[in-house]
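Take a look at the structure below.
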Amino acid sequence: MAVLLGSGLFLASFEMLATGQPVAKEATSPETAATKVCSGCHTMQIVMDTPKDYDAWHDTVQSMIDRGAQGTPDEFDLVMQFLFQNMTTVDVNHADAETLMAVLHASQATAGAIVARRTSRPFKDLADLESSVPGLDRATLDAKKRMIFFQ
């Protein structure tokens, strides 16, 4: 048992940087990647307070990389996935089905219903969307209402 504990301490000390700081493990989920990468320079509140469209997020992440943001290519992909799913604005009357699925956390059938309905009559507002399309999660829509547009 002591040998196993000793080897564990050795491995833990092996994972320390020369500065004595532990080496951060690679993030494996969108949320942990966003927290790890973005929090290196600023709070996550800044991210959560600034919804943008996908292209603007892409430009922002590239700018952060250019300014020294630390992460692996896989982590930056996960950061973009997090931003797309959680902080990206969407125009319900013009977004493609894939975007509707990701941003509204909607099923393929629900996104298809949105696309089909708006072809005959565009949605006026969030209430119109909720009353016209079954399968949307009201809590998700309420949490994202500042990111949902109807143009």
> Cβ under 11 Å from residue 129's Cβ, residue 129 left aside: what net charge do those residues give with Lys, Arg +1 and Asp, Glu -1?
Replying inline: +2
> So, in Å, what gap is there between the alpha-carbon centers of segment 57-121 and segment 131-151?
Replying inline: 15 Å
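Let me know the shape class of segment 35-111, please: from the alpha-carbon gyration tensor, a ≥ b ≥ c as square roots of the eigenvalues, rounded when a/c is under 1.5, otherwise prolate if a/b is greater than b/c, or oblate.
On the way: a/c = 2.29, a/b = 2.07, b/c = 1.10.
Prolate is the answer for segment 35-111, as a/c is 1.5 or above and a/b outweighs b/c.
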> Label-point separation (nm) for residue 142 and residue 39, each offset 7 Å from Cα along Cα-to-Cβ?
Replying inline: 2.7 nm
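Sort 39-47, 92-100 by the packing proxy (mean of other Cβ within 10 Å over each peptide's residues), most packed first. Intermediate results must be reported in sequence, preceding the final value.
Numbers: 39-47: 12.1, 92-100: 17.3.
Per-residue mean Cβ counts within 10 Å order the peptides as 92-100, 39-47.
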> Residue by residue through segment 47-54, which ³J(HN,Hα) values in whole Hz follow from phi under the Karplus form 6.51 cos²θ - 1.76 cosθ + 1.60 (θ = phi - 60°), with glycine and proline marked x?
Replying inline: 5, 5, 8, 10, x, 9, 7, 4
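Rule-based calculations on the coordinates, nothing more; no lab input. None of the values given here were measured: they were computed from a predicted structure. Cβ sites come from the backbone with ideal geometry, for glycine too, and all protein chains shown count toward neighbours.
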